[in-house]
Amino acid sequence: MPNQPKTPRLPTPSKPAFIVSRGRAIRSIVVFRALQLGDMLCAVPTLRALRLGFPRARITLIGLPWAEQFAARFHRYVDVFAAFPGHPDLPEQPVRGEAADGFFENMRACRFDLAVQLHGNGLVSNSIVEALGAAHSVGFRPADEASGGAAANALNYIAYPTVGHEAVRLLALAQHLGLPDAGMRLEFPLREADYAELDASGLEPGLTPGAYICVHPGARSRDKCWPAQHFAEVADRLADETGLAVVLTGSEKERDMTAAVAARMRHTPVDAAAPISIGAMAALMSRARLLVCNDTGVSHIADGLGLPSVVIFSRSEMARWAPIDTSLHASIWDPEGRSVSAVLQHARRLLTVDTRAADAATQRQALHSDSFFGVP
């Protein structure tokens, strides 16, 4: 697989004065990032840097309730998960008011040495992080503000980068902390349980690893979705040209979207939109040759798996969210839904990237299993 580019070294302030004798002064860390799948995967390089810099620290992640499975998957970087009860000024979830008081009380009782704010520019989230009661807090502040909060240690907050990829923006804080360079590659480790769930689902009978492509027509925000007819045309053309099978992926809530694509295809695809976990869907994708998708969480899974992908953007900031490695991934800006030819052009190129063909998917499966990392 092509080498990932190295993390750009951004100019940042001197590392905070409280970072001394790394790993001994800081024994417990809490990280706040209560966002969705793609956002969380973009934070993995910073979590990896935290673990490398503080190998003995107990790291707690505060996230949306769904992210308990994220924390379990990335157990090499996260020791404890705490579900965030919500905040009236954060849109990701309704506020669970009855849980909020007890939540902050429990967090303060942990007496964290360090709180890390990885949730945006801090306009709302810095007050949340300060309320955790850690001895020290670091994070981002709006670029036009002089400090990140009212606390005495607010100078530990740095200006939030307003340009660049999300993973690189977050890594500016790792550099501010003086953490080792752990690279900016994304990850998505797969477990035996993911493959077992996929096999039990019955979604892939007759599919040979490396002999199919995945098409993911859905997204959390449906206004970001490319037209079903275009996905169908791309899938049919690639099936005609390569003989590869087509698998339509999606959540159970996206069955109408995969059905719409299937109804417009000449070939008969495997419709894999089903009530399976993110891990089982990723296991299915790991055996594919290519993913074609909207700008959504699965594009970051493909990035983490090293699965070549074509990602179609229509709303989001492409420079911030597109996969970084352009040798494995192509990003297309197509807000008007007219770029079928460009998607096909890049898909054809990416299908020739890996000369190992069918063996590529099998090797990715081994690379991203827990056994590769020495985890039983």
task = Restrict the check to the range 320-330 and report whether at least one residue is out of contact with any strand residue (DSSP E or B) (no Cβ under 6 Å at 6 or more places or on another chain) and within 16 Å of residue 238 (Cβ to Cβ).
result = no
key: Yes/no for residue 248 being crowded, with 18+ Cβ neighbours inside 10 Å and farther than 19 Å from residue 296 by Cβ   = no
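Per-residue answers, yes or no, for (1) free of Cβ contacts under 8 Å to residues at least 40 places away in the same chain; (2) not small (Gly, Ala, Ser):
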| position | (1), (2) |
| --- | --- |
| 76 | no, yes |
| 80 | yes, yes |
| 88 | yes, yes |
| 94 | yes, yes |
| 102 | yes, no |
| 108 | yes, yes |
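Given the criteria more than 20 Å from residue 160 (Cα to Cα) and not assigned by TED's automatic domain parsing to the domain that holds residue 319, does residue 53 qualify? Spell out the reasoning first.
Details: more than 20 Å from residue 160 (Cα to Cα): yes; not assigned by TED's automatic domain parsing to the domain that holds residue 319: yes.
When the stated conditions are applied, residue 53 passes them.
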ask   = Is there a residue in the range 262-276 that is surrounded by fewer than 17 Cβ atoms within 10 Å (Cβ to Cβ) and of a type in the set (A, V, I, L, M, F, W, C)?
value = yes
remark   = Exception for residue 255 within (1) part of a helix (DSSP H, G or I); (2) in contact with a helix residue (DSSP H, G or I) (Cβ under 6 Å, 6 or more places away or on another chain); (3) not hydrophobic (A, V, I, L, M, F, W, C) falls at (2)
query = Considering only residues of the range 68-122 that are acidic (Asp, Glu) and within 23 Å of residue 160 (Cβ to Cβ), which is farthest from the chain's Cα centre (by Cα)?
reply = 89
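With respect to residue 342, is the statement that it is in a helix (DSSP H, G or I), touching a strand residue (DSSP E or B) at 6+ places or on another chain (Cβ under 6 Å), farther than 20 Å from residue 301 by Cα and modelled with pLDDT of 95 or more true? Even if it seems obvious, please write down each step before you answer.
Values: in a helix (DSSP H, G or I): yes; touching a strand residue (DSSP E or B) at 6+ places or on another chain (Cβ under 6 Å): yes; farther than 20 Å from residue 301 by Cα: yes; modelled with pLDDT of 95 or more: yes.
Answer is yes for this residue.
The values are calculated or read from the model by the stated rules, or taken from the named source; none is laboratory data. Everything numeric here is computed off the predicted structure, so don't read it as measured data. Don't worry about glycine lacking a Cβ; one is built from the backbone with ideal geometry, like all the others, and counts go over all protein chains shown.
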